[in-house]
1. Do we have residue 8 as assigned to a loop (DSSP other than H, G, I, E, B), out of contact with any Gly (no Cβ under 8 Å at 6 or more places or on another chain) and touching a residue at least 60 places away in the same chain (Cβ under 8 Å) here?
2. Tally time: how many residues in the range 51-63 are charged (D, E, K, R) and open to solvent by less than 100 Å² (accessible area, probe 1.4 Å)?
3. Condition first: in contact with an Asp or Glu (Cβ under 7 Å, 6 or more places away or on another chain) and open to solvent by less than 100 Å² (accessible area, probe 1.4 Å). Now tell me which residues in the range 73-83 satisfy that.
4. One residue is enough: does the range 72-85 have a residue meeting the conditions under 19 Å from residue 6 (Cα atoms), in contact (Cβ under 8 Å) with a residue 24 or more places away in the chain and not in a strand (DSSP E or B)?
5. Hey, can you tell me all the residues within the range 13-40 that are assigned to a strand (DSSP E or B) and either in contact with a Gly (Cβ under 9 Å, 6 or more places away or on another chain) or small (Gly, Ala, Ser) (or both)?
6. Condition check: hydrophobic (A, V, I, L, M, F, W, C) and over 13 Å from residue 39 (Cβ atoms). Does residue 60 satisfy that?
7. Can you spot a residue in the range 34-47 that is at pLDDT below 90, under 23 Å from residue 92 (Cβ atoms) and either of a type outside the set (Ser, Thr, Tyr) or surrounded by 11 or more Cβ atoms within 10 Å (Cβ to Cβ) (or both)?
8. Could you tell me which numbered condition residue 24 fails, if it satisfies all but one of (1) open to solvent by less than 70 Å² (accessible area, probe 1.4 Å); (2) over 16 Å from residue 5 (Cα atoms); (3) touching a Lys or Arg at 6+ places or on another chain (Cβ under 9 Å)?
Amino acid sequence: VEVSTDGGKKWNKAQFQGTPQRMAHCLFTYGWQWDGNETEIMSRCVDEIGQAQPTREQIAKYWNKTFDETFSVPGLDNSVQPWKIAKDGSVTNGFA
């Protein structure tokens, strides 16, 4: 698992909590100092051969579709999900 705190420009390794199992959810942690400002974080999975979970923009490109706020992933949406953190500490899905 990798985590980005800068909109996906840089990805850093997270630490698994317990032993990850194939094709299953897993707990992970990432040490990060929040400065109290509104921000967005993202996490993505990377498999044993280096394939990373795609963003919605990458999925749109794959399907040769225009990427904008109305884009909907065809089929099951397994894209990277952004999470917005407000100044008050509340967290909401970045696509909501």
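The values are calculated or read from the model by the stated rules, or taken from the named source; none is laboratory data. Values in this document were obtained by computation on a predicted structure and should not be read as measured data. Here the Cβ positions follow ideal geometry from the backbone for every residue, glycine too, while neighbour counts run over all protein chains shown. For accessibility, only protein heavy atoms count, side chains too; no ligands or nucleic acids. Shrake-Rupley method; radii C 1.70, N 1.55, O 1.52, S 1.80 Å.
1. Yes.
2. Total satisfying the criteria: 1.
3. 82, the sole residue that qualifies.
4. yes
5. 15, 27, 40
6. yes
7. No, the conditions are met nowhere in the range 34-47.
8. (3)
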